[in-house]
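Here the structure is laid out as structure tokens; the discussion comes afterwards.
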Amino acid sequence: YQESDGLVEEGVLSCPACADWYRIEQGIADLLPLSLRRQDRQQAFAARHGLPLRDAQGEKSSQKADQVEFFIHSSTTYEDEITKSPYFMALDAIVFAPWVRGSVVAGGRILEIGCGSGRQSLPMAQAGADVLGVDISEEMLRVARAKATREGQLRTSNFIVADAENLPLPPESFDGLVMVGALHHMESPERVFGSAAKALRQGGRFFIYDPHDSPLRFLFDWLMKVCTLYEEEAGDDFLFREEQMRGYFAKLGLTGKVQISTYLPPHLFYLFGQGFNRALLRATDALCGAIP
């Protein structure tokens, strides 16, 4: 392997049991099943290091393959459309940041599934946690790792490419679990939730945020047809209901609280500054949340 400042930049992980190898490139380990790996990168890496190539076995999920392909072309626009958008900046400040302050402790281990470009991973690392970000898109993880490098967070931010339904992680190995805007991309949200919960230690804390099926959802859907803010590759079941989430909790033995945020279309947040946006989101969440 090759390392820089004590961190592995390029190398190979081998599995004697399955006779397979997994590449580490630009500091990111690709632990996807063979059928989902980027074959162009797999072949180039094998040729560079004289490694044998295996034929992909098993049925390839078209939904997962579509996710991989989508983010190959969208990783460069994701930052502007999502991370830096006025709505998501307000959402992170009002909804996610309080959870970080109350649940993330220095030295704790946090798993983030569907971490994308590190929008949530890096703030948790800055709070002192050791964060493992998992995503099916290597392109998105390369963006995340570049940001971690610029912000001096490489020691506490690690990223792997993996299938969220079958996480290659030991059970009960994390103090916290985060999934933000991830479940609605998944082929089987329930299976992802179960796989993630197994990695959470007894007494661990979790934070999950995904599109909800609120009474005002039709406003967002209509406005997105008129003025599209961003493109995405969502799964078949991409809107979640309170009883659905509670059902996941009960089945997995988790204790959780469900709250709805954002009753207004995100388009409105493009009209104002961040100070007003945060006040607007806080006020409308409180007002609409108080209505039965």
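Quick notes
- The range 27-49 residues that are open to solvent by less than 10 Å² (accessible area, probe 1.4 Å), paired with ones that are part of a loop (DSSP other than H, G, I, E, B) and of a type in the set (D, E, K, R) (beta carbon under 9 Å, 6 or more apart): ASP30/ARG37; ASP30/ARG38; LEU32/ARG38; LEU32/ASP163
- Matching entry among SER188, SER195 (being out of contact with any strand residue (DSSP E or B) (no Cβ under 7 Å at 6 or more places or on another chain), without any contact (Cβ under 8 Å) to a residue 60 or more places away in the chain, open to solvent by 30 Å² or more (accessible area, probe 1.4 Å) and closer than 30 Å to ALA129 by Cα): SER188
- For the range 178-221, the candidate set comprises residues that are of a type in the set (D, E, K, R) and closer than 21 Å to LEU91 by Cβ; within that set, the residue that is nearest to the chain's Cα centre (by Cα) is ASP210.
Results for (1) β-branched (Val, Ile, Thr); (2) assigned to a loop (DSSP other than H, G, I, E, B); (3) open to solvent by less than 20 Å² (accessible area, probe 1.4 Å); (4) out of contact with any Phe, Trp or Tyr (no Cβ under 8 Å at 6 or more places or on another chain), shown as yes or no for each residue.
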residue: GLU81; (1), (2), (3), (4): no, no, no, no
residue: ASP92; (1), (2), (3), (4): no, no, no, yes
residue: ILE110; (1), (2), (3), (4): yes, no, yes, no
residue: ARG119; (1), (2), (3), (4): no, yes, no, no
residue: ALA125; (1), (2), (3), (4): no, no, yes, yes
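- Restricting the search to helices (runs of 4 or more DSSP H) fully inside the range 205-292 and requiring at least 3 residues that are touching a helix residue (DSSP H, G or I) at 6+ places or on another chain (Cβ under 7 Å), in contact (Cβ under 8 Å) with a residue 60 or more places away in the chain and within 27 Å of MET124 (Cα to Cα) gives 274-289.
- Only one of PRO86, PRO98 that is surrounded by fewer than 22 Cβ atoms within 10 Å (Cβ to Cβ), in contact (Cβ under 8 Å) with a residue 60 or more places away in the chain and not acidic (Asp, Glu): PRO86
- Any chance ASN166 is touching a strand residue (DSSP E or B) at 6+ places or on another chain (Cβ under 8 Å) and open to solvent by 50 Å² or more (accessible area, probe 1.4 Å): no
- Only a single criterion out of (1) touching a Ser or Thr at 6+ places or on another chain (Cβ under 9 Å); (2) touching a residue at least 40 places away in the same chain (Cβ under 8 Å) is not satisfied by GLY181, namely (1).
The values are calculated or read from the model by the stated rules, or taken from the named source; none is laboratory data. Predicted model only: the values in this text are computed from it and were never measured. FYI the Cβ positions are ideal-geometry reconstructions off the backbone, even for glycines, and counts take in every protein chain you see. Surface accessibility is based on the protein's heavy atoms, side chains included, excluding ligands, DNA and RNA. Shrake-Rupley method; radii C 1.70, N 1.55, O 1.52, S 1.80 Å.
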